[in-house]
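Everything on this sheet refers to the single structure shown next.
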Amino acid sequence: MNKKTEERRKLNKKKVGQATLVLIIFILVICIFYSIVNLLIQPSDVFVIENGKIYDEETNIGYVVRDETLVSNNEYENGIVTIKPEGARVAKGESVFRYCSANEEKLEAKISELDKEIQKAIEGQNTNIYSTDIQLLEKQIEEKLLLIQTTNELDEIAEYKSEISSYMIRKAKIAGELSPSGSYINKLITQRSEYEQELNAGQKYISAPISGIVSYKIDGYEESLKVDNLDSINKDTLNSIKLKTGQLVSSSQEKGKVVNNFYCYIATILSSDNAMRAKEGDVIKLRLSNSHEISAEIVKISGFVDGEAVFIFKITQDVEYLIGYRKISIDVIWWNESGLKVPNSSIITEEDKNYVIRSRTGYTDKILVKIKKQNGYYSIIENYTTQELREMGYSTSEISSMKSISLYDEIVLKP
């Protein structure tokens, strides 16, 4: 082999080596580029375990059924004056409100004018008629005026005004007896008494038949949705209620009611698999529109027809909150579970055993876990106890070498 041939061979070999090196570098660049792009497309392939809660629930429409008694008198149609305000407690026999008389505004205006004339007549006396009794009455009037300024209770204000009116009449009568022009003052008092009698005769006070909470929110379903009628409540009954969901019931100007604030019922129509497995006496939770989760006992389940049944729940919480509503949105929570919360996509199932892949400092471990509860998206998991592992057939050495999962561990999603 001559010298030129040897040089050509070495040159070709060098070119092949360079080409191979370039190809290897190109392949590495492509791999790195692909890895970067893949990381950008899926920037997070791990999930940090935290404590959480999962639910198995369904949203539905609920209808409030109360132990409530209407208080009214159909003979009076001139409006009412509340004595007990909305939400106030009332004892049996205590006045709740009164009906206005036919000419109440006119009579009150006449009485007010006479009060001014009586006061003017008293002040116009030339003789000093301020006896000890009058001074005492004036002091009592001042005290009641101060009390009116310190309260927002309508029944207390009405009581103080009535007492002030009584003191003023007594003061006028004493002044009439002591003054030279007493006959004029007495004439005004007599006229005022006649107006007051006419006013009182036209007023009708309504008392509470039972103790409870006063409400003036009347929707017309107080008789059909009663605790005494639970057995007669069916799908047709509920579907016939023509109210908007979440609608606040407006206050009536003609009647009121007294409501038992210790408990009420919520009726709803259910058709889920959970509903079909439920039994009377079961206790579940309901989530109301105020986001409160409250306990509820299933007291009645009507027979399933076409896969649906009427459920009636008894509740003892948030009863007063519901007084203003009849038709509401509720979440029926069949169960809930708290603990280490992970996505279902992070769980591997092999031979009826469940695992997660933990990623820690670049290393991964396949860890056996127990699923406490699972819904369509998440699971609550925990580690098996040593006793449970023994019962599953693991040896002491196998158990001692097993790793466990804990709070804030990172696990691989879609392993």
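Here are a few things to note about the model shown:
- Criterion applied to 269, 233, 301 was being hydrophobic (A, V, I, L, M, F, W, C) and closer than 17 Å to residue 331 by Cα, and the one residue passing it is 269.
- Scanning segment 62-97 for residues that are small (Gly, Ala, Ser) and either within 30 Å of residue 232 (Cα to Cα) or at pLDDT below 85 (or both) turns up 62, 72, 79, 87.
- A count restricted to segment 271-288 and to residues that are under 13 Å from residue 56 (Cβ atoms) and among the aliphatic types (A, V, I, L, M) stands at 3.
- The criterion of at least 2 residues that are more than 24 Å from the chain's Cα centre (by Cα) and buried (at least 16 other Cβ atoms within 10 Å of the Cβ) is met by the following strands (runs of 3 or more DSSP E) wholly inside segment 58-101: 80-82, 95-99.
- Flag for residue 180 being part of a loop (DSSP other than H, G, I, E, B) and at pLDDT 75 or above: no
- Verdict on residue 209 being modelled with pLDDT of 90 or more, over 30 Å from residue 59 (Cβ atoms) and either more than 26 Å from the chain's Cα centre (by Cα) or surrounded by fewer than 15 Cβ atoms within 10 Å (Cβ to Cβ) (or both): yes
- The lone criterion from (1) within 41 Å of the chain's Cα centre (by Cα); (2) on the phi < 0 side of the Ramachandran plot; (3) of a type in the set (Asp, Glu) left unmet by residue 365 is number (1).
For every residue, the table says whether it meets (1) surrounded by 11 or more Cβ atoms within 10 Å (Cβ to Cβ); (2) closer than 15 Å to residue 365 by Cβ; (3) free of Cβ contacts under 8 Å to residues at least 40 places away in the same chain; (4) not basic (Lys, Arg).
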site	(1), (2), (3), (4)
382	yes, no, no, yes
388	yes, no, yes, yes
393	no, no, yes, yes
397	no, no, yes, yes
401	no, yes, yes, yes
404	yes, yes, yes, yes
407	no, no, no, yes
410	yes, yes, no, yes
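- Selection within segment 218-244: residues that are hydroxyl-bearing (Ser, Thr, Tyr), surrounded by fewer than 14 Cβ atoms within 10 Å (Cβ to Cβ) and part of a loop (DSSP other than H, G, I, E, B). The member of this set that is modelled with the highest pLDDT is 240.
- Criterion: in contact with a helix residue (DSSP H, G or I) (Cβ under 9 Å, 6 or more places away or on another chain) and either in a loop (DSSP other than H, G, I, E, B) or among the polar types (S, T, N, Q) (or both) - qualifying residue of 274, 290: 290
- Just one of the numbered conditions (1) among the aliphatic types (A, V, I, L, M); (2) modelled with pLDDT of 70 or more; (3) closer than 22 Å to residue 192 by Cβ is not true of residue 122: (2).
The values are calculated or read from the model by the stated rules, or taken from the named source; none is laboratory data. Keep in mind the model is a prediction, meaning the values are calculated, not measured. Here the Cβ is made from the backbone with ideal geometry for all residues, glycine too, and neighbour counts use every protein chain on show.
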